[in-house]
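The values are calculated or read from the model by the stated rules, or taken from the named source; none is laboratory data. Model, not experiment: these values are computed from the prediction. Reconstructed Cβ throughout: ideal geometry from the backbone, glycine too, with neighbour counts over all protein chains shown. These accessible areas exclude ligands, DNA and RNA; they are computed on the full protein's heavy atoms, side chains included. Shrake-Rupley method; radii C 1.70, N 1.55, O 1.52, S 1.80 Å.
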Amino acid sequence: MNYDCKVLANLLFPDVTETIEDLEKRYPERDLKEGARVTRFAPSPTGYLHIGAFYTALVNLLTANATGGVSYLRIEDTDKKREVTDGVSAIVDGFKDFGVAFTEGVTGFGTESGNYGPYTQSLRAGIYHVVAKALVEQGLAYPCFCSAEALEAIREKQENGGALIRGYFGKWAKCRELTLEDIEKNLAEGKPWVLRLRSEGDEEKKIIFDDVIRGKIEMPENIIDEVLLKSDGIPTYHFAHAIDDHLMGTTHVIRGEEWLPSLAKHLQLFRYLGFKTPKYMHIAQIMRLDENGNKKKLSKRDMGANLDDYAKMGYCAEAVAEYVLTLLNSNFEEWRAANTTLPYTDFPFNIKKMSASGCLFDFQKLNDVSKNVLSRMSAEEVYAKYTAWASEYDAEMNALIIANPDYA
């Protein structure tokens, strides 16, 4: 760099006057007892609620409950291309149906509860810009004016050349060494730009990290100049989650194992931002057996992947939730036998009792759990739940049942 980074920061973000210190005053550390965990479930409003998402949400909720902490629901809606109409309501209503109540966060379409909001990322653009400006001032981020065509050309050259690492870095990072005059000229011409991280990672070096459930993990440092802000000023997931988890006081990031490849860039971001890194826990995916008896990920097309499937099949929400808990902790059934009247959310969940390998979804086991859940209900409860189900899914049977409720 041959320019004053603060000059560039003011050029890119002339309207930003706050600092990270100002944000931290607005979002002070939570006043919680020692050992209390703050967790979050942060879905994107891109469709129905997947059983795997419910599984992950329960881990977050129960981990916080077991320590007297806080669990919150954050909506990560920065990818507008994948968002579906009223996807937020589908998520919130799905959790309500299954008795899941977060301590704070999004409570419905346009509504929320808690002191660390907004809990919807698209409403936090100003916050991300404050942090982005700070990174530019420190020389840790820069504007990139490369077009989609230019980036595609880089990808093709890397593929044709057999590059082991592909992306925007090193000699491929054309905008990394632009002069201030070059940047001013591009801005004056109205060229769109994204903000990239100026990675100082070394592909020959590795990071060693302790995952809460998987133990020690070793992986190469991140060398890619990742996009932080897209051309519309909206952050990428990688950038937004680090800022939000810091300001919202998240102590444990509990998410699916598919995020493991991104861990190096996330740890790098926390280090560059000067934020304390939360503990990360990557949980295994729910698996099923295919026709050949081989384990495979439960996909969106499989029956039982969508939480709505269970209502259609006639399972009550309590049974599905308790079945998922048997997948999470092997001692849940023992606890349930000794605590027949307590809600499942009172279960003293223990992260250390989780398996690092994928659990297997089993409808027969679900049936057994469902039978036990129904056996603890009164006749009135079963009648009310059954008629509510039949009124939507079996009109003929519903007519017979409501015609003689006493007999039923």
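A few notes on this one:
- Residue tally, condition small (Gly, Ala, Ser) and assigned to a loop (DSSP other than H, G, I, E, B), over the stretch 238-254: 1
- Residue within the stretch 66-80 that is loosely packed, with under 14 Cβ neighbours inside 10 Å and under 23 Å from Tyr128 (Cβ atoms) present: yes
- Residue within the stretch 271-283 that is surrounded by 14 or more Cβ atoms within 10 Å (Cβ to Cβ), closer than 13 Å to Asp211 by Cβ and aliphatic (A, V, I, L, M) present: yes
- Every condition in (1) in a loop (DSSP other than H, G, I, E, B); (2) of a type outside the set (Phe, Trp, Tyr); (3) open to solvent by less than 70 Å² (accessible area, probe 1.4 Å) is met by Arg40 except one, and the failing one is (1).
- Yes/no for Lys296 being open to solvent by 10 Å² or more (accessible area, probe 1.4 Å), more than 17 Å from Gly94 (Cα to Cα) and in contact with an Asp or Glu (Cβ under 6 Å, 6 or more places away or on another chain): yes
- Qualifying residue in the stretch 242-254 (condition: more than 24 Å from Leu325 (Cβ to Cβ), surrounded by fewer than 21 Cβ atoms within 10 Å (Cβ to Cβ) and at pLDDT below 95): no
- Only a single criterion out of (1) at pLDDT 95 or above; (2) within 30 Å of Ser89 (Cβ to Cβ); (3) open to solvent by 10 Å² or more (accessible area, probe 1.4 Å) is not satisfied by Tyr119, namely (3).
- Leu135 meets the conditions (1) of a type in the set (A, V, I, L, M); (2) more than 15 Å from Ile234 (Cβ to Cβ); (3) open to solvent by 10 Å² or more (accessible area, probe 1.4 Å) in every case but one. The failed one is (3).
- Test for Val84: is it surrounded by 13 or more Cβ atoms within 10 Å (Cβ to Cβ) and either at positive phi or of a type in the set (Val, Ile, Thr) (or both): no
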